[in-house]
Amino acid sequence: MAKADPRGVGVSAGPVAPATGGGAAARASADAVSWWKRPEIYLPVLAVVVFLAAWEVFGRLSNPILFAPPSAVAAAFFDLTASGRLPRALVVTLHALATGFVLSLVTGLLTGLALGRNPTLARVVEPYIDAIYATPRVVITPLVILWFGVGFWGRVFIIWIGGVVPIILNTAIGVRNARPDLIEVARSFQASERDLVRHVILPGAVPYVLAGLRISAGRLLLGVVIAEIFLDLTGVGGIIQTESAYFRTARMLVGVLVFAVLGILFIGAFDILEKRFSSWKAQGST
């Protein structure tokens, strides 16, 4: 029952719940309406639209053999996908890429850990690692063909040798930058070398390892392209080489765009992980 307000101002029917739903809905509506005022949202979309429009206009004005427009590339993409050629090639590419990445990660972590914990070994080995890093993989392709042939493991070797070096170097740097106070505390508790590496050194080196993986991602993709074009005309790289030889530019660009998307996804994933663990680096340096 409603009670009269003794001050005669009105009546009171008990406590009233705060009207939060309307405020939240209003804020959501305001955010939805004002999205166009946020450049971080509309500028990337606008850049893609302008780029595709300019590409379409320039492609239609040019010789299609020299520069195919996006509409022709889209049609070629659907043709290659419907025929099953592109999915099969993508599976071959991803298989070699995944194998090379796993081998790079395992050997890179172990070698980087050994170099970071053993300064004498690092002084002996690191000059050769730097030389490998600076040598173009195309130069060693004839040797790879002699050693492994032009099959699967030859392609994996080309991928691995380019991707492993950044992981080795960054892991070694991360191991050397492990916090001395944490190492001293672990040793004071009689921690073994295995426990020290597992619980102190490797966790502190995670940001450096992720930075190395991000650098390695681009070199792994480059290795896939080199291996598939120069060793064995297979995978997405084989599509690029074969279609360019027959002047089917639209189909060739499909392969190029597939590698571009793989690069965005691959490198972007490691970029997110690197930012996620960037605070560990700051904490480890204090």
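Only the coordinates and a few stated rules stand behind these numbers; no lab work does. Remember, predicted model here, so these are calculated numbers, not experimental data. In this analysis, Cβ positions are derived from the backbone assuming ideal geometry, glycine residues included, and neighbour counts consider all displayed protein chains.
Taking R0 as 22 Å, what FRET efficiency do you get between ALA54 and ASP79 from their Cβ-Cβ distance, rounded to the nearest 0.05?
0.35
Quick one: dipole size for region 186-257, taken about the Cα centre, charges +1 on Lys/Arg Cβ and -1 on Asp/Glu Cβ, in debye to the nearest 20.
The dipole magnitude comes to about 200 debye.
Can you list the HN-Hα couplings for region 78-83, worked out from phi with the Karplus curve (6.51, -1.76, 1.60; θ = phi - 60°), rounded to whole Hz and with x for Gly and Pro?
5, 5, 5, 6, 5, 6
Grab the Cα-Cα distance for SER244 and GLU184, subtract it from 0.36 nm times how many residues apart they are, and report the gain in nm with one decimal.
15.6 nm
Treating the beta-carbon of each Lys and Arg as +1 and of each Asp and Glu as -1, no other charges, what is the dipole magnitude of region 82-284 about its Cα centre, to the nearest 20 debye? Could you put the intermediate results ahead of the total?
On the way: 18 positive and 11 negative charges, 45 e Å.
Around 220 debye, computed over region 82-284.
With a Förster radius of 22 Å, plug the Cβ-Cβ distance of ARG198 and LEU265 into 1/(1 + (r/R0)^6) and report the FRET value to the nearest 0.05.
Taking R0 as 22 Å, the efficiency between ARG198 and LEU265 is 0.10.
Which of GLU193, GLU56 has the fewest other C-beta atoms within 10 Å, and how do the rest follow up to the most?
GLU193, GLU56
Can you grab the distance from the C-alpha centre of region 157-204 to the C-alpha centre of region 56-128, Å, no decimals?
Here the answer is 28 Å between Cα centres.
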